[in-house]
Amino acid sequence: MDTKCKIYIHDLINPLPMKSNMRKILFASIILFFFICNLVEAQDKKAPAYPLITHNTYFSIWSFNDTLNNSSTKHWTGKDQSLLGLIKVDGTTYRFMGKESPTYRTILSTADEQGYQCKYTEIEPAADWNKAKFDDGSWDTGPAPFSDDKQQAKTLWTSKNIWVRRTFTLDDLDINRLVLKLYHDDNVEVYLNGEKIYGVVGWTSDYKLIPLSDKFKNRLKKGENVLAIHCANTAGGGFLDAGLVDEVKASKNDVLLAKQKSVELNATQTIYNFDCIGVDLKVTFTSPLLMNDLDIFSRPVSYITYNVKSNDGRDHTVKVLFSASTNIAVNSPSQQVTTQKYATPALSILKAGTVEQPVLKKKGDDLRIDWGYMYVAVPKSINELQYITQQQDCVSSFVSGTINSTNKPGTQLELNTVLNFGTVNSTAKEKFVEIGYDDLYSVQYFTQNLKPWWKTNNQTIENELGIAATGYTAVIKKCDMFNKSMYADAVKAGGKNYANLCVMAYRQSIAAHQLLKSPQGEVLFLSKENFSNGSINTVDVTYPSAPLYLLYNPRLLESMLNGIFHYCESPLWKHDFAAHDLGTYPLANGQTYGENMPVEESGNMIILTAAIAKAEGNAGFAKKHWKTLTTWAKYLSENGFDPGNQLCTDDFAGHLAHNANLSVKAIVALGAYANLAGRLGEKSVATKYRTIASEMAVKWAKLADAGDHYSLVFGDKNTWSQKYNLVWDKVLGLNLFPATVYKKEVNYYLTKQNTFGLPLDSRKTYTKSDWILWTASLADNQKDFKALTDPVYKYATQTPTRVPLSDWHETTDGKMVGFQARSVVGGYFMKLLESKWVK
């Protein structure tokens, strides 16, 4: 609480007739009350992470901290992708964005830096195998890394255990901080000259840097040393590679921290306000993801806008540094990059990308792009300074004003732009920087590499940067209009807490996709199943995401279904139900998920096709795929009502037979198919399937009836689950189930809530927040809706897990269970969709 507020409270209570000690108690109580109110307000404004640059799953940079200058900015996977911001006011420098990343010097390289050979055995050795003087002459010799993946391995390792010894020579022991660089899958123990320095049960999906204590650094000696490692592959894949690095001592510089006054989120922007002693600084990150304009929507360019003004009535000289790490263009910081400084007639541009350029050569989840090029651009008209430095020289060059630009290939370089605001008074001055990414080719689609949508008309990234700069004012205005209208609509539909959830979800959902054009000329909007298994275009990820896109551009939802229809209508797919996915991102060459979800995915595809018809007012999209939809409807009519032992979208919960919620999906899908048939003039088909669905709904209510609720599985009244699939019966106006079914379920759910939300079902206390928003939309009044959704807002604003919003969390403590940065939070918009469609 500020001093003025304390003085006001003192003046308020001082005249009151009471004893001195009572006055002190009252004063303290009021202070405590205001402190708690301020704390609650601060918590209410918190997000798990803050989107800064959000375009697609590879170009997605976030702040994982409430304060922008408390930590380095990161890719959604958690790897550093540093954006650094400094402001110089009258010669004094403040850091307002990011944090200087440590610099590392290689002592013993890992295989991603430089190939090496070492000794290994897959037969358990003698007990002293880890000692420096152990005789490993009988062991095999091979190159690292060791893996069971033939594409990754230099030495194939397919057994359960491997023991590795690596002998190396040191001439220089001048080491600041010894760090173990390790990639292991699974359990590992590491020894240095016979002493255990690290051990863990578990695995990593990439290299981790593990600082070691000085006592282990002191184990190193001049001359010959030995790093010995045992790794056990207990399940799944296997991988091992290790090395040592030195965390270089950071050079001291006279940089202060800017005081962050506030952070604000809206649909397309994140806005920070800072106090820099005499100057107010406003920094706005805008990713203009406007779905009604695919040219702007698909353009891989974000704006970072700086607004400065004096706050003390005096004039000040101001410069701002924006520095972007070339780690934005690599998968691993050890990858070599090239840089370039050049210009177009209108722009000054910095460019960086890997030397290797392995276009579409990697697939999987915990990966970052290492092909294509990143760009930082500013209009020439503002006459700003751009240069390239080593990471460790970025800050000192700005503070001292000594610029030594480099264009040599290297690792962890910085693209620097200095904005000179000159003399600043109480009239605000504004400048912006653009950051963009040209991925060259985005996805491989049935063996053909596809360019991103924005290249459809042979546009270049320089053209896109130029158009973005010229159209800056107009684009910002469009974003502002959309931000306000979306928020107002969401508040009207579900209240402020609900609207804030929608704001958190908007950019995250979109940025888990890439927009393209297929070889057949169709639009594709392909998702990545982030922080899960990395699948591309997963149907049961599209399904929960759908409400957002139905609201703002149903064509994008068509684009999420086009690839699945193409695949299922090709000779590659041999089943009479829908596929689960198109592959592993970014390779969409056919399903790679190991098990089918026949009822789940067939139901999803039919329901979403019917939702598109409702949104567009016609069934033209369904007509193109009527034969396929009919095949799936027939399958569901025969197999959907009482599903066998199979997975559904909640596959993490395991297989389940007689799943009542999955049965609802099949019933609703059959009703949706009947609705589509009616739209297409197929009256007899519509009548037939409407009858099937209606009869199933009646039968379902009897089999699932558990008294005051409906069960998780048919036949077990002691179970319960969220029947989130019911919401489509309401939203599509099918009315297969009476409103009393919704009411009974909602009333029961209200008795089962925990601090951070309603559990998914009776088996565990974890939940899926997207499903809660669907379940809550079954409520027939705002009170019940808020009662179910306010705990989700509490989770989103108070979770201790600081990552882009996780949709799978524990309802007892608010911690993430799994998943992050996924598109499924588009499902948060279900209530807004319901408010538009159900009158």
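The values are calculated or read from the model by the stated rules, or taken from the named source; none is laboratory data. All of these numbers come straight from a predicted model, not from anything done at the bench. In this analysis, Cβ positions are derived from the backbone assuming ideal geometry, glycine residues included, and neighbour counts consider all displayed protein chains. Calculation scope for accessible area: heavy atoms of the full protein, side chains included, ligands and nucleic acids excluded. Shrake-Rupley method; radii C 1.70, N 1.55, O 1.52, S 1.80 Å.
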Original post:
Relative contact order for the chain using alpha-carbon pairs under 8 Å, separation at least 6, rounded to a whole percent?
Top reply: 11 percent
Subject >> From phi via Karplus (6.51, -1.76, 1.60), per-residue ³J(HN,Hα) for region 72-81 in Hz, x at Gly/Pro >> reply: 5, 6, 9, 5, 4, 6, x, 7, 4, 9
Original post:
What nm value, rounded to one decimal, do you get for the distance between I467 and L256 when each label is placed 7 Å out toward the C-beta?
Top reply: 4.4 nm
Subject >> Amide H contacts of V443 (H built 1.01 Å from N, under 5 Å, at least 5 apart or other chain) >> reply: L450
Subject >> Check: the chain dipole with +1 on Lys, Arg Cβ and -1 on Asp, Glu Cβ, in debye >> reply: 1940 debye
Original post:
Of K222, K282, K150, K362, which has the most accessible area with a 1.4 Å probe, and how do the rest follow in descending order?
Top reply: K150, K222, K282, K362
Subject >> J(HN,Hα) series, region 512-517, from Karplus relation 6.51 cos²θ - 1.76 cosθ + 1.60, nearest Hz, glycine and proline x >> reply: 9, 10, 9, 9, 9, 10
**OP:** Using label points projected 7 Å from each Cα along Cα→Cβ, tell me how many nm separate K341 and V698, to one decimal.
**Re:** 7.9 nm
Subject >> About the Cα centre, charge dipole magnitude for region 203-318 (Lys/Arg +1, Asp/Glu -1 at Cβ), debye >> reply: 560 debye
Original post:
So for the pair K131, N781, with labels modelled 7 Å out along Cα→Cβ, what separation do we get in nm?
Top reply: 7.8 nm
Subject >> Candidates per chymotrypsin sites (Phe, Trp or Tyr not before Pro) in region 179-226, loop by DSSP, up to 10 other Cβ within 10 Å >> reply: none
Original post:
Considering only DSSP states other than H, G, I, E and B, which trypsin sites (Lys or Arg not before Pro) in region 505-585 qualify as loop sites with at most 12 other Cβ atoms within 10 Å?
Top reply: K574
Original post:
A144's amide H: which non-local residues (gap 5+, or another chain) put their own amide H closer than 5 Å, with H modeled 1.01 Å from N in plane and none for Pro or chain starts?
Top reply: Y116, C118
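Pairs K74/K492; K665/K743; K252/K380; K154/K517; K88/K252: which are spaced more than 25 Å apart, C-alpha to C-alpha? If you can, show how the numbers build up before the last one.
Details: K74/K492 34 Å; K665/K743 18 Å; K252/K380 33 Å; K154/K517 37 Å; K88/K252 17 Å.
Cα-Cα > 25 Å for K74/K492; K252/K380; K154/K517; rest within.
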**OP:** Could you compute the FRET efficiency for K160 and E264, with r as their C-beta to C-beta distance and R0 at 45 Å, rounded to 0.05?
**Re:** 0.30
Original post:
Given 25 °C and 0.890 mPa s, how large is the Stokes-Einstein diffusion coefficient of region 730-839 in µm²/s, with Rh as the Kirkwood radius over Cα pairs?
Top reply: 171 µm²/s
Subject >> For the chain, alpha-carbon Rg relative to the globular expectation (2.2 N^0.38 Å, N residues) >> reply: 1.02
**OP:** Alpha carbons only, please: Rg and Dmax for region 568-611, in angstrom.
**Re:** 10.9, 29
Subject >> Contour minus Cα-Cα distance for E195 and K836 (0.36 nm per residue) >> reply: 224.2 nm
**OP:** Calculate how large, on average over all directions, the projected area of the Cα convex hull of region 80-169 is; give the answer in nm² to one decimal.
**Re:** 9.9 nm²
Subject >> Helix-only [θ]222 nm of the chain, DSSP H runs n ≥ 4, -39500 (n - 2.57) each, per residue, nearest 500 >> reply: -9500 deg cm²/dmol
Subject >> Vicinal HN-Hα couplings computed from phi for region 720-731 (Karplus, 6.51 cos²θ - 1.76 cosθ + 1.60; Hz; Gly/Pro x) >> reply: 7, 7, 6, 9, 5, 5, 4, 4, 6, 4, 6, 5
Subject >> Relative contact order of region 690-756, pairs being alpha-carbon contacts under 8 Å that are 6 or more residues apart, as % >> reply: 27 percent
Subject >> Dimensions in Å of region 60-123 - Rg and Dmax from alpha carbons >> reply: 18.5, 67
Subject >> Sequence ranges 169-176, 560-567, ranked by mean other-Cβ count within 10 angstrom, highest first >> reply: 560-567, 169-176
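Looking at the chain only, what percent of DSSP beta bridges run antiparallel? Nearest 5 please. Mind showing how you got there, number by number?
Numbers: 152 of 159 bridges.
Restricted to the chain, the bridges split so that about 95 percent are antiparallel.
Quick one: ranking W453, W632 by accessible area, 1.4 Å probe, largest first, what do you get?
Largest accessible area first, the residues go W453, W632.
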Original post:
How far is the Cα center of region 167-195 from the Cα center of region 783-818, in Å?
Top reply: 40 Å
Subject >> Lys, Arg +1 and Asp, Glu -1 on Cβ, resulting dipole of region 469-534 about Cα centre, debye, nearest 20 >> reply: 220 debye
**OP:** Return the long-range amide H neighbours of L256 (sequence gap of 5 or more, or a different chain), with a cut-off of under 5 Å between placed amide H atoms.
**Re:** T93, Y94, R95
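Taking 8 Å as the Cα distance limit and 6 or more residues as the minimum spacing, I'd like the relative contact order of region 361-470 as a percentage.
31 percent
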Original post:
For region 766-811, what does the alpha-carbon gyration tensor say about shape, rounded, prolate or oblate, given a ≥ b ≥ c as the root eigenvalues, a/c under 1.5 as rounded, and a/b over b/c as prolate?
Top reply: prolate
